[in-house]
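Encoded as structure tokens, here's the structure I'll be asking about.
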Amino acid sequence: MKTLIASFLLVTVLSATAVAQSKSFISFKEKFIGLEDVHHLSLNGFFARTIFKMVAEDDLNHAVKAIKNIRLVTVPKAAFQKQNVSVPGFKNVLHGDAFEELAHVKENGDDITLYMQSTQKNDNRYMVLVEEEYVVTLIEFRGKVDPDFLIKNRPMSYNKS
Amino acid sequence: MKKIIAVVIVMVVAQGAFAQDAISKFFTKYQSDESFSQVTVSSKMFSLFTNMDADTPEDKEVLNAISKLKGLRILGKQDARNARELYKEAFTLIPMKDYEELLSVRDKDKDMKFLIKESGGKISELIMIMGGTNDFMVMSLFGEIDLKQVSHIGKKMNVDGLEKLEKMNKPEKTDKKTNE
């Protein structure tokens with residue numbers, strides 16, 4: 001009986017998690033999942049906030065307290081070639097999925113773009129696309145983030161001092 | 001007649017796109033150079049500030065000023081031996097006839113210039129160009145710009161240099177030069 005209840009709960013939680021993902025995140029993940037060196041991580045808001053509390057400063061904790069979940073996929077660039085797709089192509093998918101670009105940073109050869117998909121008030125979906133020399137990382141999180149934090153802190157700031 | 005109208009529309013649109021910000025040429029020239037850092041902030045990001053709560057009337061003014069911005073672009077290079085050359089090159093690529101010099105700062109290790117573009121009594125673009133011994137930066141802020149709030153906006157966005165405009169209340173049509 002316990003096994004049955006546990007299975008039911010697990011399936012329910014996993015289904016709810018799948019529904020909460022954006023179409024573009026699902027398509028990105030499904031394109032690469034199972035390939036060599038592709039990693040996927042999903043955290044609900046409680047775990048994410050607990051980790052932030054352990055490792056981050058107060059202003060980050062303040063900014064992310066309304067985050068409901070975080071998902072992350074890392075994909076080697078070689079997998080893009082293998083699947084015959086490209087990062088600019090995925091950016092088009094994001095635009096098609098109503099993600100709007102908030103900011104873009106290019107530093108030391110790394111390319112970081114922040115997108116937002118407006119859903120309901122205080123419940124937006126954010127996507128961070130990080131393109132490094134050999135790896136592409138896609139991070140999706142949902143909730144409310146203080147725009148003051150987004151614009152002030154790296155990678156969105158440029159401070160020369 | 002329709003063709004003429006179409007041509008005029010295309011010309012206006014093309015000019016608008018070209019004149020969007022002065023550092024586009026710089027971006028185009030150096031976008032593939034990995035020694036440069038680039039930052040682009042879209043109008044969507046600035047529009048998020050309209051929903052923020054302000055604690056004081058001053059904060060409300062700053063948030064209001066930020067929400068009217070349409071974009072920010074920064075191109076910079078740190079540890080650059082050719083920072084002074086880049087600083088000079090910036091003035092050759094920026095169409096200076098479209099801008100008025102607002103402020104010029106020179107000290108022992110860096111030069112800074114602030115340029116504005118005005119139309120209809122409103123400032124539509126602010127450019128900051130900085131060339132130091134080792135660092136170079138060009139920044140373009142565009143949209144509806146309230147100069148009184150620019151230094152506060154700079155603090156909010158962690159962009160160094162904009163605090164130099166703190167003591168300015170309004171743009172002056174004549175050049176204002178300051179040596180520090």
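The values are calculated or read from the model by the stated rules, or taken from the named source; none is laboratory data. Note that the coordinates shown come from a computational prediction; the quantities given were computed from them, not determined experimentally. Here Cβ is always computed from backbone atoms with ideal geometry, including for glycine, and neighbour counts include all displayed protein chains.
Being closer than 25 Å to B:R84 by Cα, more than 14 Å from chain A (Cβ to nearest Cβ) and surrounded by fewer than 21 Cβ atoms within 10 Å (Cβ to Cβ) is the filter here; which residues of the range B:117-148 pass it?
Within the range B:117-148, just B:K117 meets the criteria.
Out of all the residues in the range A:107-138, which are assigned to a strand (DSSP E or B) and more than 21 Å from A:K23 (Cα to Cα)?
First, pick out the residues of the range A:107-138 that are assigned to a strand (DSSP E or B): A:107, A:110-120, A:123-131, A:135-138.
Residues satisfying the conditions are A:E107, A:D110, A:D111, A:V135.
Looking at the range B:71-92, can you tell me whether even one residue there is closer than 20 Å to A:K106 by Cα, within 12 Å of chain A (Cβ to nearest Cβ) and out of contact with any strand residue (DSSP E or B) (no Cβ under 8 Å at 6 or more places or on another chain)?
yes
How many residues does the range B:42-63 hold that are under 18 Å from B:M139 (Cα atoms) and touching a Lys or Arg at 6+ places or on another chain (Cβ under 8 Å)?
Applying the first criterion (under 18 Å from B:M139 (Cα atoms)) to the range B:42-63 yields B:42-43, B:45-46.
Okay, now just the ones that are also touching a Lys or Arg at 6+ places or on another chain (Cβ under 8 Å), so B:43, B:46.
So the answer is 2.
Any idea which of (1) modelled with pLDDT under 85; (2) within 17 Å of the chain's Cα centre (by Cα); (3) at the interface with chain A (Cβ under 10 Å from one of its Cβ atoms) is the one B:F26 doesn't satisfy?
Condition (3) is where B:F26 drops out.
Taking A:E100, is it farther than 21 Å from A:Q21 by Cβ and within 13 Å of another protein chain (Cβ to nearest Cβ)? Reasoning before the result, please.
Values: farther than 21 Å from A:Q21 by Cβ: no; within 13 Å of another protein chain (Cβ to nearest Cβ): yes.
In short, no.
While we're on this one: Which is of a type outside the set (A, V, I, L, M), within 28 Å of A:V128 (Cβ to Cβ) and away from chain A (no Cβ under 13 Å), of B:K108, B:K68?
On the way: B:K108 fails: within 28 Å of A:V128 (Cβ to Cβ).
Criteria check complete, one pass: B:K68.
Could I ask something else about it? Can you tell me how many residues in the range B:37-53 are at the interface with chain A (Cβ under 8 Å from one of its Cβ atoms) and touching a Leu at 6+ places or on another chain (Cβ under 8 Å)?
Filtering the range B:37-53 down to residues at the interface with chain A (Cβ under 8 Å from one of its Cβ atoms) leaves B:37-42, B:44-45, B:48-49, B:51-52.
Remaining after also requiring touching a Leu at 6+ places or on another chain (Cβ under 8 Å): B:37-42, B:44-45, B:48-49, B:52.
Qualifying residue count, the range B:37-53: 11.
I'd like to verify a number: residues in the range B:48-66 that are buried (at least 18 other Cβ atoms within 10 Å of the Cβ) and of a type outside the set (V, I, T), how many? Talk me through it step by step, then tell me what you get.
Going residue by residue through the range B:48-66, those that are buried (at least 18 other Cβ atoms within 10 Å of the Cβ) are B:48-49, B:62-63, B:65-66.
With of a type outside the set (V, I, T) added as a condition, the list becomes B:48-49, B:63, B:65.
Number satisfying all stated conditions: 4.
On the basis of being without any contact (Cβ under 8 Å) to a residue 40 or more places away in the chain, away from every other protein chain (no Cβ under 11 Å), over 13 Å from B:L72 (Cα atoms) and in contact with a Leu (Cβ under 7 Å, 6 or more places away or on another chain), does B:S151 make the cut? Spell out the reasoning first.
Details: without any contact (Cβ under 8 Å) to a residue 40 or more places away in the chain: yes; away from every other protein chain (no Cβ under 11 Å): yes; over 13 Å from B:L72 (Cα atoms): yes; in contact with a Leu (Cβ under 7 Å, 6 or more places away or on another chain): yes.
Against the criterion (without any contact (Cβ under 8 Å) to a residue 40 or more places away in the chain, away from every other protein chain (no Cβ under 11 Å), over 13 Å from B:L72 (Cα atoms) and in contact with a Leu (Cβ under 7 Å, 6 or more places away or on another chain)), B:S151 qualifies.
Taking interchain pairs and intrachain pairs at least six residues apart, which have beta carbon atoms under 7 angstrom, with the first residue in the range A:95-108 and at positive phi and the second surrounded by fewer than 16 Cβ atoms within 10 Å (Cβ to Cβ)?
Going by the 7 Å Cβ cut-off, the qualifying pairs are A:N108/B:E34.
Something else: For the range A:106-141, give me each residue that is more than 11 Å from every other protein chain (Cβ to nearest Cβ), more than 15 Å from the chain's Cα centre (by Cα) and under 22 Å from A:N44 (Cβ atoms).
If the condition is that a residue be more than 11 Å from every other protein chain (Cβ to nearest Cβ), more than 15 Å from the chain's Cα centre (by Cα) and under 22 Å from A:N44 (Cβ atoms), then A:T119, A:Q120 are the ones that fit.
Results for (1) of a type in the set (A, V, I, L, M, F, W, C); (2) under 15 Å from A:I26 (Cα atoms); (3) in a strand (DSSP E or B); (4) at pLDDT 95 or above, shown as yes or no for each residue.
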residue: A:R71; (1), (2), (3), (4): no, yes, yes, no
residue: A:V75; (1), (2), (3), (4): yes, yes, yes, yes
residue: A:N84; (1), (2), (3), (4): no, no, no, no
residue: A:A98; (1), (2), (3), (4): yes, yes, no, no
residue: A:L102; (1), (2), (3), (4): yes, no, yes, no
residue: A:V105; (1), (2), (3), (4): yes, no, yes, no
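So B:D79 ticks every box in (1) exposed (fewer than 13 other Cβ atoms within 10 Å of the Cβ); (2) at pLDDT below 85 but one. Which box is left unticked?
(2)
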